[in-house]
Every structure is written in C-alpha cells, then in structure tokens.
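What follows is a short report on a single structure.
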Amino acid sequence: MNKLKSIFRLSALCLILSAGLFACKSSKKVADASKDTATTEEQQEKPDNVSVNLGEAGTSENAKDKKISEEELSRKLSEYFNAIANSSDNTAQANRNINEAKSMFASPDVPVLIIINESADGLKDYDQPTNILDYMNYLKDQGKNLNEIYKVKTNDKGRIMELELIRK
C-alpha cells in the first residue's frame with residue numbers, strides 16, 4: 001500500500017511539474033508574440049500629420065515637434081471639415097472626404113464636444129455630445145461649418161481620441 005501511495009505521489013508531482021513547465025513555455029511564447037506585435041506596430045508607418053515619440057517626451061524639442069504636429073493635424077482636419085461642408089451638392093465627393101478624414105480618428109465613435117460658451121473663469125458649456133461620424137454627416141447635410149477646432153487629443157499612434165470644437 002505504501003508503494004502504491006509513493007507511486008501516486010510521484011506521478012502527481014510529475015504531473016504538476018510538467019504543467020508548470022508547459023505554462024512557462026506558453027507564457028514565454030505569449031511574451032515573444034507580444035514583443036513581435038509591439039515591434040511590428042512600431043514599424044508601421046505613422047500618419048503624415050503626427051510624429052510623436054513618447055520615449056523622449058520630456059525634451060523641449062519633442063514638445064515643439066508635438067505641438068507643430070498637433071497644429072498640422074488641426075489644420076488638416078479643418079480642411080476636411082470645410083471640404084465636407086462645401087461639397088454638400090456633391091454627395092459622392094462629401095462621402096470620399098468623410099472616409100479620408102475617418103482615417104485620422106481612432107474610431108468612428110470618437111467623441112466630439114462643441115463648446116457653446118466659455119466663462120471668464122474657464123468653465124465651459126457644451127452642446128449635446130456627438131461622435132465624429134455623425135458630426136461629419138451633419139456638416140455634409142448642413143453645407144456649412146460653424147465651428148472651429150479648439151482642442152485635439154491623440155493617442156500614442158497619432159490618432160484622434162477626442163475632439164473639442166468651439167463656435168466661430
């Protein structure tokens with residue numbers, strides 16, 4: 001009976017060790033795969049309008065580059081908004097502009113906040129929130145752009161995550 005218990009304990013120990021070894025190999029494969037994915041994402045081409053290097057964000061030169069790129073991003077986005085509004089007679093052209101502009105955003109559901117009033121102490125009143133796709137379709141339907149870009153928040157890939165507009 002003792003011999004049977006010893007064999008059982010030994011086989012249970014082997015089973016536990018092999019499971020641990022398998023788990024270590026699996027986690028190493030997952031870690032290696034995530035490294036490959038991270039390297040691939042870093043090597044993918046960033047949009048022309050944003051060049052952000054988060055590793056050196058503390059330097060004044062990178063802060064300047066980031067500010068310039070955000071200004072460029074805002075300028076390009078304003079051009080798209082005006083093109084969408086001005087091509088309301090040509091629906092196909094407006095839709096092409098919308099599809100091109102969508103590539104600047106992290107998703108079609110990116111929130112768009114429109115400031116309707118800003119007090120002297122910095123408090124802002126917003127219109128009802130919308131998303132970027134609905135806002136661009138609104139521009140297409142209205143045929144005029146009554147807002148200008150106030151603030152753009154981007155992610156580490158340079159895609160717009162939130163957009164604040166203000167009435168002109």
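None of the figures in this text is laboratory data; all of them are computed from the coordinates on show. A quick note: this is a predicted structure, and the numbers were derived from the prediction, not measured.
Counting DSSP beta bridges with both partners in the stretch 54-167, what percentage is antiparallel, nearest 5?
70
With N set to the number of residues, divide the alpha-carbon radius of gyration of the stretch 54-167 by 2.2 N^0.38 Å and report two decimals.
Values: Rg = 15.0 Å, N = 114, 2.2 N^0.38 = 13.3 Å.
After normalising by residue count via 2.2 N^0.38 Å, the value is 1.13.
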